[in-house]
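Just so you know, all these numbers are worked out from the coordinates, no wet-lab data involved. In this text, all values refer to a predicted model and were calculated from it rather than measured experimentally. For neighbour counting, all protein chains shown are included, and Cβ atoms are generated from backbone atoms with ideal geometry for every residue, glycine included.
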Amino acid sequence: VTEAIFSYCGVKVKIDTDRHIGAEAASVRADGEAIGHVMTAEYGSQMLSLGGVDHLTGGSKPEGRKTCDALLRLCNKEAVELTIDGGSSIIVQAGHAPVIDGKAEERMRVGCGSATIGMFASQWQGLVDEVVVVDDHITGVVSEHQAGKVIDWAATGIRINGRRSTPGRYFKVAEPGNGWGGTNIDDPLAILGQWRATKGARAGLSLLMVSTTGEHAGYYVLNDALEPVMLPMPAALQTSVDLIAQNCEPALCTVLFMCGAGGSLRSGVTDNPIHLTRSVHSDETSVTIGGAPTYRWPGGGITVMVDVMEVPDGAFGYVPTPALVAPLEFTTRRDAYQRLGGHNAHIRNLDDVLETGGEYGAGVRVIGGDP
């Protein structure tokens, strides 16, 4: 058990939102200093990579200090305001909803537009003639989609302004943004082309347009010129929109602390550090941070990640290097510890430590109840 100093460390931040917060690889800043960048987006979430040795010690002193301060507060579950070059201002706090450009996000999308069609097509049948689920990733059209085909959904002559992927699935219907379905549009009709009477379009045809969170929805009927006219949402269709919202999970921020256990740290466990590395790789020795389970990356070294929500409050500190300080534990059987060349002469049992104090005297704190 030790307090480990990490200059090779950072956090991976998952932000549950379909809103566009910034271009991939755009710099992320805290108090004006670059501390990381936007990563590849994941399903229903935007991702940030913050910290790392280049920001902590490889740049200017202000950059290092601001990086360390932001990492420390994020790991200790505090709120941190970040700005993204060419993008949004975000307040991030582990376990809380993200606040994007001053607005708290409520829901994580139920799925992409295509997935939403697959989930709810049968519930829309008989209530409306066409459904378009607007999504920056994949916009879905029920009459063309396989989920519509298997229930004999009639063609409507709709035309989508986007790049057709497979039937009923469209890419790039608009640019990324903070509008409908993570696009930059406020009027969903902007993604529609001319309706085709030869393909089934007719006056009186009804259309539901909805986003992947149910936050945006509109009901339309084609007039004699085959132009959609907005009308009040029928109660039965509103129920289906509400169902989309009900199936969305709460939007949260997730912060994973990532670090590498280096040479001097390992020598505190054994006279021959490579033996500890091999013991960890073989799962004979487990690695925890503040008692929380970690994910160990394959390959060389001891590189681990932990969900900061699983770590005791206030567990992280810092040193002026700048670098973070985190609790780190290696746990193994006594016979295995002896085999890897551990410091056997210094082994003490827990009762002795609790009675007489640890390395720092009587300053003992028991976490998790009675030993």
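Here are a few things to note about the model shown:
- Packing-based ranking, highest mean first, of 201-211, 119-129, 295-305, 4-14 given that Cβ atoms within 10 Å are counted: 4-14, 201-211, 119-129, 295-305
- Extended-chain gain in nm, criterion 0.36 nm per residue less alpha-carbon gap, residue 60 and residue 24: 10.6 nm
- Cysteines (scope the chain) whose Cβ has no counterpart Cys Cβ under 4.7 Å: 68, 75, 112, 248, 253
- Full extension of the segment from residue 101 to residue 331, taken as 0.36 nm per residue of separation minus the current Cα-Cα distance, would add 78.4 nm.
- With contacts taken as Cα pairs under 8 Å and at least 6 residues apart, segment 113-246 reaches a relative contact order of 23 percent.
- For segment 113-246, the equivalent ellipsoid derived from the alpha-carbon gyration tensor has semi-axes of 19, 17, 16 Å in decreasing order.
- In this calculation the C-beta distance from residue 2 to residue 243 is compared with R0 = 35 Å, giving a FRET efficiency of 0.10.
- One chain, two ends: residue 305 and residue 79. Fully extended at 0.36 nm per residue, the span grows by 79.3 nm beyond their Cα-Cα distance.
- Taking 7 Å steps out from each Cα toward its Cβ at residue 347 and residue 235 produces label points 7.4 nm apart.
- For a label point 7 Å along the Cα-to-beta-carbon line of residue 283, residues of segment 309-329 with backbone N under 20 Å: 329
- Alpha-carbon centroid distance for the pair segment 204-225 / segment 143-175, whole angstrom: 15
- Between residue 355 and residue 199, the simple label model (points 7 Å from Cα in the Cβ direction) yields a spacing of 8.3 nm.
- Sites residue 339 and residue 123, calculated FRET efficiency, Cβ-Cβ separation with R0 51 Å, nearest 0.05: 0.25
- Estimated inter-spin distance, residue 171 and residue 189, nm [label 7 Å along Cα→Cβ]: 3.0
- The chain: DSSP helices with Cα axial extent of at least 18 Å and average Kyte-Doolittle hydropathy no lower than -1.0: 61-75
- Check: the chain dipole with +1 on Lys, Arg Cβ and -1 on Asp, Glu Cβ, in debye: 900
- Between the listed residues 141, 120, 190, the Cα displaced farthest toward the positive end of the dipole of segment 113-246, a dipole computed from Cβ unit charges relative to the Cα centre, is found at 141.
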